[in-house]
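The values are calculated or read from the model by the stated rules, or taken from the named source; none is laboratory data. Here the structure is a predicted model, which means the values were calculated and not measured. With ideal geometry, Cβ positions are generated from the backbone for all residues, glycine too; neighbour counts draw on all protein chains shown. For the accessible areas, the whole protein counts, side chains as well, though only heavy atoms, and no ligand, DNA or RNA atoms are used. Shrake-Rupley method; radii C 1.70, N 1.55, O 1.52, S 1.80 Å.
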Amino acid sequence: MRIGGKLSSLVKYASELIIRSLFIYGDMESRHVPVILNLTLLLTQVVLVNLSAVGSLIALFSTLLTYVFRGASKVLKYASILASIPTIWYFITSLPFTLSVVKSLAITVNVFTLSLATLAFLYFINPIELAYLMNRLKLKEVSLYPVLTWKAVPHILKDLKTALTIASMKNVELWRGLAITVVTVEEYSQFYEEAQHAKGVFQPKYWYSWRDTAITACLVMINLTAIYLLKLCF
Amino acid sequence: MTFELNGFTVRLDGALIVNEVDLSLSRGEAVLIAGPSGAGKSTLLKSLCGVIPKVVRGSVSGFVKPSLDFLHRSSIYLHQEPWFFITTPYVWSEVLSFTDFKRLSDVQEVLNHFKLSRHLMRSTYTLSAGEVQRLAFIIATHSSKDLILLDEPTAYLDRPNADNLIKYVKELKGFGKSFIIVDHDVSVWLDVVDKVYYMVDGKLVEDEPEYYSKAYEALNDLDPSESRDCLKHFIFEVDEIKFPDAEEPLLKDFKLEVCSGEVVLIKGYSGVGKTTLLKTLAEKSVKDGRIKSVLIPDNPLLYFSGSTPAEELNLANPQLSSKFLQDFGLSSKSNIPVVKLSTGERRRLALASALARGYELVFMDEPTIGLDPWNKYLVLKGIKKVAELGTGFVIASHDEDLLKIANEVINLEDWR
Ligand SMILES: Nc1ncnc2c1ncn2[C@@H]1O[C@H](COP(=O)(O)OP(=O)(O)OP(=O)(O)O)[C@@H](O)[C@H]1O
């Protein structure tokens, strides 16, 4: 039961981290940047990580700048802790293969950077923009999926936390808390289907923020320059 | 929007749920349908808007003028559980994507009318239950549809917010919108609706069934348990509750004292912080570890550890499980899955389980939401019974009927 209790706290903590690093903050200007630009930024960071150790450090720096310059410094703490989870796992599992702490550390920096950059991408992505674009591309049917996912995931995580709190209060096994969350989600999907069916037509509207688009474009330019210089030098 | 139903009948899994209903509605009219849980009210609404048979399997028959298809196209149905009606992650996007509003300033204005304007950019999942209900109502009433089907639209609202919503329905009738409203509380709608019906066993009747007066009588007879010596004292102190994305704390320097066997009601307007406080107290209690306590959330399903009532109570106290089932009127349901229980049954089962587990303190969120008067009476009686056996209760609710069993009332508005 004590291990169960620890595991339960861990799952609750991880859910809270996901909520805080992706969902809790409402909409803001920095989420009004074209998704293609956000994707390009992520790709340049991936390329930098793959280039060299210096590239990795530049990518890490670029990711940190993304959080800071785009008004998400508050999220950085939670995203960093979340990104550390796969990082620590990689560090430990890579040691027997590399047999070198330095080499393992290098891999670790890469994994951390990529995780953080991916979290930044997910944080700044706006599901309303995805729905808006899908609607314009005549993909009306599927345009509801990104928005519903962004709406439902934190809702479910919140319920998971409640169910686990109750399971520990009742001193029952962790899996019982997880099982009732699954049952609840099944009920939710039925309710969502019913409620969404009889609602009006979905016509997403969206706008772009020039200021934040310009900041993101600058970050992309810096990364592209770094890629060019690194390729030139090495 | 004018329509007429004659002999309108709905069957689900072969069972007759709506039985030969006759109903007509003209443009700008509103009817209210009350009635006990399980009478078929929601099924009627769902079949008018097409959820049945398009999403939920069932058969619909009878005469519909102009046509059933026309009804499907002209109606919007606000689900009993407003969370599921909300589609998008942000408040602004929800309103702009599903209504005729074109500009953010228009959205801001309508939100303002429902005291939601400061939530324009918020994530919808962080809204309180009453805030979600108001947002869902805005969407339902500002779409292009002319027939608006509202399933318990005031369940999560405090009195002033409910009155504001009801007044709005009256205004919209003037613009030609028609309404069918399902609600347990008839009196609050009398000024607005053109006709009141009761649904009993799938049939619509005009006279108030005896069931109602019996339930209200029973509710009125409830009173708080007599105060006894305080055998155990529970003290909670909360320095501050602040959300990471909020500028101001929700609550500061809050202190609560509960005695064993006492029912403490935390009340206040929608969005004041009742649920948040209750969850914070429950978490504090878990961390403290000295008090044997449990939380029954507003969705009671999340409370259960067993898949059936019998299993839930066996896990708690195998010797006495059948006695508890009997005491809480659940004997006939002992082996059906908990998901198949009605909301009232789920709440009673959670209470039975809390009693069987011998908790010293139970935190309960909105225990009477969505219950008809008789089920509400049964739940309140259940709480009182458990309290009389020595369990303390901290209950968060806006429902005035809880005052009937509360030994102490804390108005959170005084703490803001
Ligand atoms: N993450 C968050 N950031 C900012 N505000 C939040 C957040 N989560 C909740 N709130 C706000 O805190 C307030 C209190 O919410 P809570 O659910 O506790 O209210 P409540 O009193 O239970 O209301 P109701 O009766 O409508 O259920 C609400 O205004 C809600 O919008």
## Note on the structure
Nearest-0.05 FRET efficiency for B:Arg290 and B:Asp245 at R0 = 35 Å, using Cβ-Cβ distance, is 0.60
### Query
Taking a probe of 1.4 angstrom, what is the accessible area of B:Asp253 in Å², to the nearest 10?
110 Å²
### Message
Would chain B count as rounded, prolate or oblate if I go by the C-alpha gyration tensor, calling it rounded below 1.5 in a/c and otherwise prolate when a/b exceeds b/c, oblate otherwise?
### Response
oblate
### Query
In nanometres, what is the gap between the two model label sites at B:Phe70 and A:Glu187, each 7 Å from Cα along Cα-to-Cβ?
3.9 nm
#### Entry: Stokes-Einstein D for the range B:223-411, Kirkwood Rh over Cα pairs, 25 °C, 0.890 mPa s (µm²/s)
145 µm²/s
### Task
Kindly work out what percent of the DSSP beta bridges joining two residues of chain B are antiparallel, to the nearest 5.
40 percent
### Query
Between B:Val263 and residues 5 or more places away or on another chain, which pairs have amide H atoms under 5 Å apart, with H built 1.01 Å from N, and which residues are they?
B:Phe393, B:Asn407, B:Glu408
### Query
In µm²/s, what is D for the protein assembly as shown at 25 °C and 0.890 mPa s, where D = kT/(6 pi eta Rh) by Stokes-Einstein and Rh is the Kirkwood radius from Cα pairs?
91 µm²/s
## Note on the structure
The correct pair for the range B:191-277, radius of gyration to one decimal and Dmax as a whole number, both in Å and from Cα atoms, is 21.4, 54
### Summary
For the pair B:Asp163 and B:Glu20, the simple spin-label estimate (label points 7 Å beyond Cα toward Cβ) gives in nm 4.3 nm
### Summary
On the accessible surface of chain B, probed at 1.4 Å with all protein chains in place, carbon and sulfur together account for a percent value of 47 percent
### Message
For the range B:91-196, compute the orientation-averaged projected area of the C-alpha convex hull (one quarter of its surface), in nm².
### Response
6.4 nm²
#### Entry: Shielding of A:159-170 by partner chains, average beta-carbon count, 10 Å
6
### Summary
Rounded to the nearest 10 Å², the 1.4 Å probe accessible area of A:Val182 is 80 Å²
### Message
Could you compute how much accessible area chains B and A hide from each other, both sides summed, with a 1.4 Å probe? Nearest 100 Å² is fine.
### Response
5100 Å²
### Query
How big is the antiparallel share of DSSP beta bridges in the protein assembly as shown, given as a percent to the nearest 5?
40 percent
### Summary
Going through A:Lys77/B:Lys274; B:Lys65/B:Lys102; A:Lys161/B:Lys252; B:Lys54/B:Lys115 one by one, the pairs whose alpha carbons sit over 26 Å apart turn out to be A:Lys77/B:Lys274; B:Lys65/B:Lys102; B:Lys54/B:Lys115
### Query
Can you give the translational diffusion coefficient of the range B:3-208 in µm²/s, computed by Stokes-Einstein from the Kirkwood radius over Cα pairs at 20 °C and 1.002 mPa s?
123 µm²/s
### Task
Return the FRET efficiency for the residue pair B:Tyr211, B:Lys385: r is the Cβ-Cβ distance, R0 is 30 Å, and the value is rounded to the nearest 0.05.
0.85
### For chain B, Cys with no neighbouring Cys Cβ under 4.7 Å
B:Cys49
### Task
Express the relative contact order of the range B:3-208 as a whole percentage, based on alpha carbon pairs under 8 Å and six or more residues apart in sequence.
32 percent
### Query
Say R0 is 25 Å: what FRET efficiency, to the nearest 0.05, do A:Leu65 and B:Asp253 get from their beta-carbon distance?
0.05
### Query
Per the Kirkwood treatment, what hydrodynamic radius in Å, one decimal, follows for the range B:1-121 from the mean inverse distance over all distinct Cα pairs?
16.5 Å
### Task
Return a whole-number percent for the relative contact order of chain B, with Cα pairs under 8 Å and 6 or more residues apart as the contact set.
18 percent
### Message
With n ≥ 4 as the cut-off for DSSP H runs, can you work out [θ] at 222 nm for chain A, using -39500 (n - 2.57) per run divided by the number of residues, rounded to the nearest 500?
### Response
-27500 deg cm²/dmol
### Task
Measure out, as a whole number of angstrom, how far apart the alpha-carbon centroids of the range B:362-416 and the range A:160-222 sit.
30 Å
#### Entry: Fraction of antiparallel bridges per DSSP, the range B:3-208 only, in percent to nearest 5
50 percent
### Query
For the range A:141-223, what does the alpha-carbon gyration tensor say about shape, rounded, prolate or oblate, given a ≥ b ≥ c as the root eigenvalues, a/c under 1.5 as rounded, and a/b over b/c as prolate?
oblate
